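First comes the structure, then the notes that go with it.
The values are calculated or read from the model by the stated rules, or taken from the named source; none is laboratory data. Since the structure is predicted, the reported quantities are computational estimates derived from the model, not experimental observations. All Cβ positions, glycine included, derive from the backbone under ideal geometry; neighbour counts span all protein chains shown. These accessible areas exclude ligands, DNA and RNA; they are computed on the full protein's heavy atoms, side chains included. Shrake-Rupley method; radii C 1.70, N 1.55, O 1.52, S 1.80 Å.
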Amino acid sequence: MSSIAFIGLGNMGAPMALNLVKAGHSLTVFDLVPAAVKTLTDAGAKSAASAAEAVKGAEVVISMLPASKHVEGLYLDQDLLGKIASSALVIECSTIAPDSARKVAQAAEVRGIAMIDAPVSGGTGGAAAGTLTFIVGGQSAALERARPVLEKMGKNIFHAGPAGAGQVAKICNNMLLGILMAGTSEALALGVANGLDPKVLSDIIAKSSGRNWATELYNPWPGVMEHAPASKGYAGGFGVDLMLKDLGLAAEAALSARASIPLGELARNLYSLHSAGGSGRLDFSSIVNLVKRDQD
């Protein structure tokens, strides 16, 4: 079993780290939120007073942070790479700009440290169940070193290409997810406005040509799915502001590649409007409330 440093214990990072503890790995964790750290130490992990302390002696370093600025700040500005053993493997699981992933990976290469970007898909439910999908960018040899660790947290592992490719694929996926959730919310709101039961309509869509991940596993309408954030006041899950961040990354990538993403831009505007109304910390499926308000 590996000695692992895990940095970032948010809604996704904490359950991922817990699965590594359950698998028998020796884990040292760091997060700015004491309560998040306590959850892991109660499960058997060790705590560190800083990220630099956490990586001492670590064979594998995993980070799950909110945005590009946090990743660059940690590894470059705070020079965490300078405190990681050259024999270690770095697995960066945050969803960030591809250019940021490449920048950090190049800095790691200069120091002789193997690094992959490995953003995830599957939501908090997948993180807890250990069924996440890892979308990896980096060298094949580094991925093979990471695979035994990734397999304790996820069910599917894809190699998208060189450094940064995992982020490109993840951005494409999340842009589509944002579009699908907004469309699903609009369809359900339309049905309810015309007298349909949202559960019945969801069941119909799930077995028809409009089926998608939201209708099957993450329904945005309260009460339709017991364990979905919608039935828990939209608490936890994947925040509106995080979705907005990812849609912004998609817009940046589109601009850089001179690609057209009209639906992605529309979804970005909708989530921006929703966030501006005070819903930024709610789960992104709460976008349904924006459509319901428009009907009132």
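Residues being open to solvent by less than 50 Å² (accessible area, probe 1.4 Å) and over 19 Å from G125 (Cβ atoms): count how many of those fall in region 22-34. Residues meeting the conditions: 7. Taken over region 281-296, the criterion of being among the hydrophobic types (A, V, I, L, M, F, W, C) and open to solvent by 50 Å² or more (accessible area, probe 1.4 Å) is satisfied by L282 alone. The single residue among G278, G237, G264 that is surrounded by fewer than 13 Cβ atoms within 10 Å (Cβ to Cβ) and either in contact (Cβ under 8 Å) with a residue 12 or more places away in the chain or on the phi > 0 side of the Ramachandran plot (or both) turns out to be G278.
A single member of V55, V71, V37 is buried (at least 16 other Cβ atoms within 10 Å of the Cβ) and within 18 Å of V149 (Cβ to Cβ), and it is V55. Evaluate region 133-142: report whether one residue or more is closer than 26 Å to A105 by Cβ, touching a Cys at 6+ places or on another chain (Cβ under 9 Å) and outside any helix (DSSP H, G or I). Within region 133-142 (the criterion being closer than 26 Å to A105 by Cβ, touching a Cys at 6+ places or on another chain (Cβ under 9 Å) and outside any helix (DSSP H, G or I)), the answer is yes, since at least one residue qualifies. Among the numbered conditions (1) more than 18 Å from the chain's Cα centre (by Cα); (2) closer than 19 Å to F30 by Cβ; (3) open to solvent by 30 Å² or more (accessible area, probe 1.4 Å), the only one that L80 does not meet is (3). Could you please let me know if G195 is of a type outside the set (D, E) and open to solvent by less than 60 Å² (accessible area, probe 1.4 Å)? Taking the combined requirement at face value, the residue does not satisfy it. Scanning region 108-118 for residues that are of a type outside the set (G, A, S) and open to solvent by 30 Å² or more (accessible area, probe 1.4 Å) yields E109, V110, R111. Of all residues in region 71-85, those that are at pLDDT 95 or above have Cβ atoms under 6 Å from Cβ atoms of residues that are assigned to a loop (DSSP other than H, G, I, E, B) and open to solvent by 40 Å² or more (accessible area, probe 1.4 Å), 6 or more apart or on another chain, in L81/R111. Filtered by the rule that a residue be closer than 18 Å to A146 by Cα and open to solvent by 30 Å² or more (accessible area, probe 1.4 Å), region 3-21 gives S3, L18.
One line per residue, one yes/no per condition, for (1) touching a residue at least 24 places away in the same chain (Cβ under 8 Å); (2) among the small types (G, A, S); (3) assigned to a loop (DSSP other than H, G, I, E, B); (4) buried (at least 21 other Cβ atoms within 10 Å of the Cβ):
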residue	(1), (2), (3), (4)
V224	yes, no, yes, no
A230	yes, yes, no, yes
L249	yes, no, no, yes
R268	yes, no, no, yes
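Checking the stated criteria, L242 turns out not to satisfy the condition of being part of a helix (DSSP H, G or I) and either farther than 22 Å from I96 by Cβ or at pLDDT 95 or above (or both). Of the listed requirements (1) in contact with a Ser or Thr (Cβ under 6 Å, 6 or more places away or on another chain); (2) open to solvent by 20 Å² or more (accessible area, probe 1.4 Å); (3) modelled with pLDDT of 95 or more, S121 misses just one: (3).
Within region 169-183, identify whether any single residue is within 30 Å of S2 (Cβ to Cβ), assigned to a helix (DSSP H, G or I) and β-branched (V, I, T), and answer yes or no. Yes.
Mind counting the residues in region 134-152 that are in contact with a Ser or Thr (Cβ under 9 Å, 6 or more places away or on another chain) and crowded, with 17+ Cβ neighbours inside 10 Å? Selection size over region 134-152: 3. In region 198-220, the residue that is farthest from N173 (Cα to Cα) out of those that are open to solvent by 80 Å² or more (accessible area, probe 1.4 Å) and either among the hydroxyl-bearing types (S, T, Y) or in a loop (DSSP other than H, G, I, E, B) (or both) is K207.
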